[in-house]
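Laboratory data are not the source of any read-out in this text; all were calculated from the coordinates shown. Since we're looking at a predicted model, the values are computed, not measured. In this analysis, Cβ positions are derived from the backbone assuming ideal geometry, glycine residues included, and neighbour counts consider all displayed protein chains.
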Amino acid sequence: MYLGDCLEIMPTLPDNSVDAVITDPPYGIGFKYANHDDAPQGYEDLMKAFIAEAQRICNGGPFFIWQAMLNADKWHKWFPPGFRIFAACKGFVQFRPTPIQYSWDPVIFWGDVNKKPSVYCKDYHEQRKAPFGKNRPKIEHPCPRPLEQVAEIVKRATNENDCILDSFMGSGTTGVVCVQTGRRFIGIEIDEGYFEIAKKRIMEAQQQMRMAL
């Protein structure tokens with residue numbers, strides 16, 4: 001795991017050194033992060049620089065990149081031709097002051113998924129449990145991804161012992177899933193507070209796996 005700016009750390013990683021990139025970057029929609037300016041200005045440059053490095057490090061993919069609906073009209077400028085959309089559906093709707101509520105998050109994906117064809121592997125997943133409430137662990141991050149949903153993508157798109165890169169690690173959900181499913185993991189996070197949360201969660205997941213043996 002690396003603490004720092006992914007655009008500074010990714011160039012230090014070798015060509016073709018990971019098997020997949022699965023990450024949830026900022027969206028460029030003005031969201032309030034502790035140490036990141038999420039202003040729309042400059043977001044296109046961030047995406048293009050990140051994608052160029054990601055494709056060098058992971059030649060062929062697969063790549064799964066969370067995005068925001070508000071930027072749907074710009075995805076064709078940022079992502080490679082032939083990209084598709086994985087629907088990360090919610091079992092609840094977070095109310096916003098808009099006439100129509102978003103009930104799923106778009107995950108842009110492209111590249112080679114080295115898995116056998118299966119009628120059970122569809123391009124959507126419905127998160128039936130709310131990521132909050134009774135008996136759900138509280139994570140000190142403004143927008144942690146549901147563990148079950150990230151696990152679904154990891155298991156569908158990669159194989160055991162594959163190495164997965166998460167360039168915007170946040171609270172470390174992808175890393176926790178990698179520990180639980182036998183994948184290797186490289187995580188990068190620019191915020192020291194979130195980095196410590198991710199490190200703690202991943203270490204706890206490792207301890208739980210050792211205890212289960």
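Just to confirm my filter: which helices (runs of 4 or more DSSP H) fall fully inside region 145-213 and include at least 1 residues that are touching a Phe, Trp or Tyr at 6+ places or on another chain (Cβ under 6 Å)?
Numbers: elements: 147-157, 173-181, 192-212.
Passing ranges, in order: 147-157, 173-181.
So, in region 184-195, exactly how many residues are buried (at least 19 other Cβ atoms within 10 Å of the Cβ) and within 19 Å of V113 (Cβ to Cβ)?
1
If T181 satisfies all but one of (1) over 17 Å from D24 (Cα atoms); (2) crowded, with 19+ Cβ neighbours inside 10 Å, what's the number of the condition it fails?
It fails just one condition, (2).
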